[in-house]
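Just so it is clear, none of the values below were taken in a lab; they were calculated from the coordinates. All figures in this text were calculated on a predicted structure; none of them were measured in a lab. Cβ atoms come from the backbone with ideal geometry, glycine included; neighbour counts cover every protein chain shown.
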Amino acid sequence: MWWPFSLSAWRAGLRSRGVQGVLILGVVLMGAAYLSALFSPRQPRTVSLDVGLSGLRVSLILFALFWVQELVGREIERRSVLFALTYPIPRSHYLLGRYFGVLGLVALASLLLGLLLWVVVLFTGTHYDQAFPVALGLPFWSTVFGLWVDAAVVAAFALWVSTFSTVPMLPLALGLAFAVGGKSLGAVAEYLARGADGDFELMRFAPVINAVQWLLPDLSRLDWRAWPMYGLAPDGKAMVLGLVMAASYAALLLVLAVISFSRREFQ
Amino acid sequence: MVTGMLRWRVAALLLTIVFVASVENLKPTPRQSVSAEIQIALPLFAQVAVTLGDRNLAANIAYIRALVVVPDKMLPEEFAILGKVQKDVSWLNPAHEDNYYTAFAILPNYGEVDAAQTILARASRTRFYDYQPSFFYAFNLYFLKHDPAAAAEWLQKAAEKLTDDDQRLIMQNIAARWVDRAEDLNLAIQVVEAMAKQARRKDFRSYLETRARRLQMLQQLRAADAKFREKTGRTPVRLEELVISGLLPALPQDPFGFGFEFDKRGIIMLRTSPPKL
């Protein structure tokens, strides 16, 4: 019985003004991707695809956070969540319904912005024949899928925060910090794993970063853009493990969210 | 109440005076620098953090910074920063095609050969299908680092990435010729012999084996030359003197017909063209 909450999330999500704002942001970022190709002497399409995928990720993360804030955070804040909780069903259904609703909305946004980026890249650098063309088929859509999974993990985190937060906008702020931290983690870990360019001061943090990976998922593992950009297919094992890591982490957060939401008392 | 309002007005007036005075005094004060070129390289983590953890985006932004500089207007120390910025780009995204290309085109001319080599080596590792990073790396080794043997090895790597058989052969041939210039003949012979073993075409393999043989002849000549100097205390004027003095049974016959000669420093070298008759 969770799906009515997803449906209402969809309706509310599509009607919301803020969504249009984020959508406009997405379109602007795709425009930036198109223009960034001008800075590339040898690989305009690759650069516009690269910048476009960066823009897509930012948009999807903002979409996910915005919807969690709008559909759960604000309902809790305004106490309108109580109407939903008067139905004779467990509270978890409300939370899961909302989460899957958000996932659906983000998937729709991924598809739309992905298509837009696809068109943008097709029309970039038409005057110049690149020595190494970009791959806009399966590699491209796999990458978009990876970014969607990335946004889904961030959404689960924001959802969990919103179940105990008593401060408005906290899920949004913490969610953003989580997205930045998780995505940066890969770069930092790789830098340290390769000896930090001989910087011993920095190497002292290596154990800390190793430990942090138990708490924070390495979201950069879900970024497979070297595949469409350079034909460097990701390692199959790394891809599957990355997805398992993301799915288990998101599911864990959902369980934590259900626990803290079921215990929460609304006055 | 009135005194309260008055107090606020006085405060506003005082602040306005302070503000206008500071603006007027600031205008003629010289700025720290008017150079619009590259002056700082942000730490890698800061670059990743400002792009919300997106290392590819960080790479693109840093690359655009490196691209818009005008080398003619830059100070020598700014090239070190440019080298650092481009090296950062190659760490963030080693496969970045524009980055390795401009690094090769600009950095070595301004003393940043090592930065360029780091960037090219990273690009070569990641872009397994692109011969150019290895080719540029070899080029710098040969012309700037004066290390023909290592250059030949890298050129060989570049050749292996070429899909066209003829082009590959041409490049392998250049690699073999570069080895001739190596100071360390033992190493040069080893490199050419290794190349011969890897050669797929039979005729090319035997060509490389001939080149190795030629290098062995050169080695033989140099050894005799050293003995000659030790014995007589002078430098031979002609190669024939090595035979006359009994150090060599006969002069080795260059299979290519070019022969051997003394260079300006008095060291025996391979001739690069047939002797004039």
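General observations
- Leading residue at positive end of dipole, the protein assembly as shown (Cβ point charges), from B:L6, B:Y131, A:L49: B:L6
- Kirkwood Rh and Cα Rg combined as Rg over Rh, evaluated for chain B: 1.30
- Cβ-Cβ FRET estimate between A:V212 and B:I170, R0 fixed at 35 Å, reported to 0.05: 0.10
- Between B:Q190 and B:M269, the distance separating the two model label sites (each 7 Å from Cα on the Cα→Cβ line) works out to 2.5 nm.
- Distance (nanometres) between label positions extended 7 Å along Cα→Cβ at B:T3 and A:R74: 4.9 nm
- Where only C-alpha atoms are counted, convex hull volume of the protein assembly as shown per residue in Å³: 260 Å³
- Using a Gaussian network model of chain A in which every pair of alpha carbons under 10 angstrom is joined by a spring, one finds that among A:L60, A:L185, A:L108 the greatest mean-square fluctuation is at A:L108.
- Dipole size of chain B about its Cα centre, with +1 on Lys/Arg Cβ and -1 on Asp/Glu Cβ: approximately 200 debye, rounded to the nearest 20.
- Relative contact order [Cα under 8 Å, 6+ residues apart], chain B, whole percent: 8 percent
- In this structure, B:L67 and A:V119 have a Cβ-Cβ separation that, at R0 = 25 Å, corresponds to a calculated FRET efficiency of about 0.45.
- Cα gyration tensor shape of segment A:131-267, rounded if a/c is under 1.5, else prolate or oblate by comparing a/b with b/c: oblate
- Each of B:V23 and A:L256 was given a label point 7 Å from its Cα along the Cα-to-Cβ line. The distance between the two points is 5.1 nm.
- Computed on segment B:132-277, the Cα convex hull volume stands at 123 Å³ per residue.
- Helix B:202-232 vs. chain B, principal-axis angle (Cα, 0 to 90°, nearest 10): 80 degrees
- Added length on full extension, which subtracts the Cα-Cα distance from 0.36 nm per residue, A:V167 to A:A107: 18.8 nm
- The distance separating the Cα centre of segment A:132-177 from that of segment B:168-185 comes to 53 Å.
- Crossing angle, helix A:3-15 versus chain A [Cα axis fit, 0-90 degrees, rounded to tens]: 60 degrees
- Chain A shape via C-alpha gyration tensor axes, a/c threshold 1.5: oblate
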